[in-house]
Amino acid sequence: MELEKALIVDPVDGEYTGSVTIGDEKIAEIRRFSCMPEVIVMPGFVDLHTHGQRGIDAMSASPQDFRKWAEMNFQQGVTTFLPTTVSASLKNLQEVMQNLSQLPLSIAGLHLEGPFINSEKKGAQNPDFIYPFTERHEVVLKAPVKLITAAPEVKGFEKLLKVAKRRNIEVSIGHSGATYEAMKVAFEMGVRRVTHFPNALTPVHHRELGGTGAGLYLDFNLEMIVDGIHSVPEFVDLVYKVKGADKIMLITDSISAAGLEDGVYNLGGLEVEVIDGKCKLTSNGSIAGSTLLFNDAIKNFKNFTGCSLVELSKVSSYNALKNLDVGKLGRIKEGYIANLVVLDEQLSVLKTLFKGEEVYSKL
């Protein structure tokens, strides 16, 4: 297969025109030449925080549902993602892990969002299933788990971090009431990631930077839900100006309502009402995930910040893969796996390639 007359966008080598030849699941050859590009080619998108889509929920999905979810994600240009849980019983979490034990297609593992978080910053997490980490919870810190969101001020965090490091699981700070000092201690212990920044963190104050200030001031990598609801466009642009594109990872935090009509849905046993695409708990009005689809997230980030296409390739793919230490993905480079997305000038997905095969085409 060959992608011809393309504007090729690589997060390291920059952008240039030419063609990409694909063979044996990999990028076999890249030819640079001057031309009027007909399409934009970027590394396949990566979403490391998504609870569901189009009626599928990570907490109840069957192995067949997970595969269907992966296939639907190809329509958004997503070639790597982590289905994400909410705080739940150990039994429920183990059931999800079992259903995802045979990782299908583009699913790289599982993201546990909770239950080892701060109940005072629970957001749309079920308080009945929020608890501190103990040795008996080590059973969920194993494959297919690749990422876990936890609060550093909650009892057991240091033990959790040690176990996670041994098992090559990334820890992200989220749903946390941590002060700046607590965030700094976690950073010094090796934590480098913050979940759906700045949501469910302590706010900035000029006498106490809090979790939000720590995310900006320290060298953390930040997840961001760029839907214009979780953060206004100006805040997204502020984070971009302060941190730069190298430290931002776009996520959707989507729930099962994403891609469907407004209505009433379920998230971790809590009732969620979706009105005009906005998800809120019916009990208290808290924001409860999103209906954001990934292709819209990249368009929003470009519109909110005016970033370059190279920067866009970083926040939509390269940074997330680097954060999880995934090799041979996220670049348009010879020898790399051909997970690619083909876009038009408006950044709408035209085609998605997964391991060199065309898995979605709008053409």
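Within region 245-269, restricting attention to residues that are surrounded by fewer than 20 Cβ atoms within 10 Å (Cβ to Cβ) and over 19 Å from the mean Cα position of the chain (by Cα), the residue that is nearest to VAL232 (Cα to Cα) is ASP262.
With respect to the conditions (1) within 26 Å of THR252 (Cα to Cα); (2) not in a strand (DSSP E or B), MET36 lacks only one, and its number is (1). As a summary of the residue check, PHE133 satisfies the conditions (1) more than 22 Å from the chain's Cα centre (by Cα); (2) more than 21 Å from SER316 (Cα to Cα); (3) surrounded by fewer than 20 Cβ atoms within 10 Å (Cβ to Cβ) except for the one numbered (3). When region 27-61 is limited to residues that are acidic (Asp, Glu) and out of contact with any helix residue (DSSP H, G or I) (no Cβ under 6 Å at 6 or more places or on another chain), the one that is surrounded by the fewest Cβ atoms within 10 Å (Cβ to Cβ) turns out to be GLU29.
Consider region 11-26 and keep the residues that are under 24 Å from ASP246 (Cα atoms) and buried (at least 17 other Cβ atoms within 10 Å of the Cβ). The one that is nearest to the chain's Cα centre (by Cα) is PRO11. For beta carbons closer than 8 Å, sequence separation of 6+ or different chains, a first residue in region 138-155 that is under 17 Å from VAL86 (Cα atoms) and among the β-branched types (Val, Ile, Thr) and a second that is open to solvent by less than 40 Å² (accessible area, probe 1.4 Å) and assigned to a helix (DSSP H, G or I), the qualifying pairs are VAL139/LEU90; VAL140/LEU90; VAL140/LEU93; VAL140/MET97; VAL145/MET97; ILE148/LEU160; ILE148/ALA164. Looking at region 62-74, can you tell me whether even one residue there is assigned to a loop (DSSP other than H, G, I, E, B) and either within 24 Å of LEU312 (Cβ to Cβ) or in contact with a strand residue (DSSP E or B) (Cβ under 7 Å, 6 or more places away or on another chain) (or both)? Looking for residues that are assigned to a loop (DSSP other than H, G, I, E, B) and either within 24 Å of LEU312 (Cβ to Cβ) or in contact with a strand residue (DSSP E or B) (Cβ under 7 Å, 6 or more places away or on another chain) (or both), one finds none in region 62-74, hence no.
Only a single item in (1) over 20 Å from the mean Cα position of the chain (by Cα); (2) surrounded by 21 or more Cβ atoms within 10 Å (Cβ to Cβ) is not met by GLU223, and it is number (1).
On the stretch given as region 274-294, residues that are touching a Ser or Thr at 6+ places or on another chain (Cβ under 7 Å), open to solvent by less than 80 Å² (accessible area, probe 1.4 Å) and not in a loop (DSSP other than H, G, I, E, B) total 4. Among the residues of region 230-244, those identified as of a type outside the set (Asp, Glu), assigned to a helix (DSSP H, G or I) and open to solvent by 10 Å² or more (accessible area, probe 1.4 Å) are PRO233, PHE235, LEU238, TYR240, LYS241, VAL242, LYS243. Among residues of region 62-87 that are open to solvent by 30 Å² or more (accessible area, probe 1.4 Å), those with a Cβ under 8 angstrom from a residue that is at pLDDT 95 or above and aliphatic (A, V, I, L, M), sequence gap 6+ or separate chain, pair up as PRO63/LEU100; ASP65/ILE56; LYS68/ILE56; GLU71/VAL359; GLN75/VAL349. Selection of first residues in region 160-171 that are under 10 Å from ILE148 (Cβ atoms) and of second residues that are among the β-branched types (Val, Ile, Thr) and part of a loop (DSSP other than H, G, I, E, B), restricted to Cβ pairs under 6 Å at least 6 apart or on distinct chains, gives the following pairs, ordered by first then second residue: VAL171/VAL191. If you go through region 178-201 and keep only what is open to solvent by 30 Å² or more (accessible area, probe 1.4 Å), without any contact (Cβ under 8 Å) to a residue 60 or more places away in the chain and part of a loop (DSSP other than H, G, I, E, B), you end up with THR179, MET189, GLY190.
The values are calculated or read from the model by the stated rules, or taken from the named source; none is laboratory data. Since the model is a prediction, treat every value here as computed from it, not as a measurement. Note that we place each Cβ from the backbone using ideal geometry, even for glycine, and neighbour counts take in every protein chain shown. The accessibility values were calculated without ligands, DNA or RNA, using every heavy atom of the protein model including side chains. Shrake-Rupley method; radii C 1.70, N 1.55, O 1.52, S 1.80 Å.
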